[in-house]
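Worksheet for the structure shown next.
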Amino acid sequence: MILPIVALSLVAFVTADGPNDKLKSCCATIKKGDKDCIDRFCDFNAISQTNILNYLSTCSDKGPTVGMMWDCASLRHNHSECCAAKGVEGKCLEYCAAQDGVPTNYLDYLFCTESFNEIRECFHEHLDKNAAYSHKH
């Protein structure tokens, strides 16, 4: 009797999507984005404060790719409270207030790269508890 319950629990655990799976699932729905950028960077482990500038320089000129990937990671949710609790301050909180999408004037926010890991952690934690975003276009 205990064996079937353990087996069902194990199956539920193995098939549960984590934040990175949800991110990749959402990125798979991006039809108008750059496939190379999506393949290389649509992964919470692929982008950090050490390579965010490489990501932006590689992908920001590739149509709506950056914005659509940002929507997948952020769920277009306002993460300002989480970010502030992690020490993100000032103008960098605009990246946390993702309900309106990602700010597109990246050069104005270069100093925010040092807060990127904290912002990413907030997105990751929120995605862990919520369903993946899906692009309808």
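The values are calculated or read from the model by the stated rules, or taken from the named source; none is laboratory data. Everything numeric here is computed off the predicted structure, so don't read it as measured data. When we count neighbours, we look across all protein chains shown, and the Cβ atoms used for this are built from the backbone with ideal geometry, even at glycine.
Just to be sure I understand, how many residues within the stretch 74-102 are β-branched (Val, Ile, Thr) and at pLDDT below 95?
1
Could you list all residues from the stretch 55-92 that are outside any helix (DSSP H, G or I), among the hydroxyl-bearing types (Ser, Thr, Tyr) and surrounded by 17 or more Cβ atoms within 10 Å (Cβ to Cβ)?
Matches in the stretch 55-92: none.
Give the number of residues within the stretch 12-57 that are among the hydroxyl-bearing types (Ser, Thr, Tyr), more than 17 Å from the chain's Cα centre (by Cα) and either over 17 Å from Val102 (Cα atoms) or at pLDDT 95 or above (or both).
Looking only at that region, the number is 1.
Is it the case, given these coordinates, that Lys31 is among the charged types (D, E, K, R), surrounded by fewer than 18 Cβ atoms within 10 Å (Cβ to Cβ) and touching a residue at least 40 places away in the same chain (Cβ under 8 Å)?
yes
Is the stretch 35-42 home to any residue that is in a loop (DSSP other than H, G, I, E, B) and surrounded by 18 or more Cβ atoms within 10 Å (Cβ to Cβ)?
Yes: the stretch 35-42 contains one or more residues that are in a loop (DSSP other than H, G, I, E, B) and surrounded by 18 or more Cβ atoms within 10 Å (Cβ to Cβ).
Has the stretch 110-121 got at least one residue that is among the aliphatic types (A, V, I, L, M), within 19 Å of Cys27 (Cβ to Cβ), in contact (Cβ under 8 Å) with a residue 12 or more places away in the chain and crowded, with 20+ Cβ neighbours inside 10 Å?
yes
Out of (1) among the charged types (D, E, K, R); (2) in contact with a Cys (Cβ under 9 Å, 6 or more places away or on another chain); (3) under 19 Å from Ala132 (Cα atoms), what's the single condition that is false for Asp100?
All conditions are met except number (2).
Determine if the stretch 47-63 includes at least one residue that is of a type in the set (Asp, Glu), closer than 20 Å to Lys35 by Cα and without any contact (Cβ under 8 Å) to a residue 12 or more places away in the chain.
Yes.
Would you check which residues across the stretch 44-54 are surrounded by 15 or more Cβ atoms within 10 Å (Cβ to Cβ) and either among the hydroxyl-bearing types (Ser, Thr, Tyr) or in contact with a Ser or Thr (Cβ under 6 Å, 6 or more places away or on another chain) (or both) and list them?
Those that are surrounded by 15 or more Cβ atoms within 10 Å (Cβ to Cβ) and either among the hydroxyl-bearing types (Ser, Thr, Tyr) or in contact with a Ser or Thr (Cβ under 6 Å, 6 or more places away or on another chain) (or both): Gln49, Ile52.
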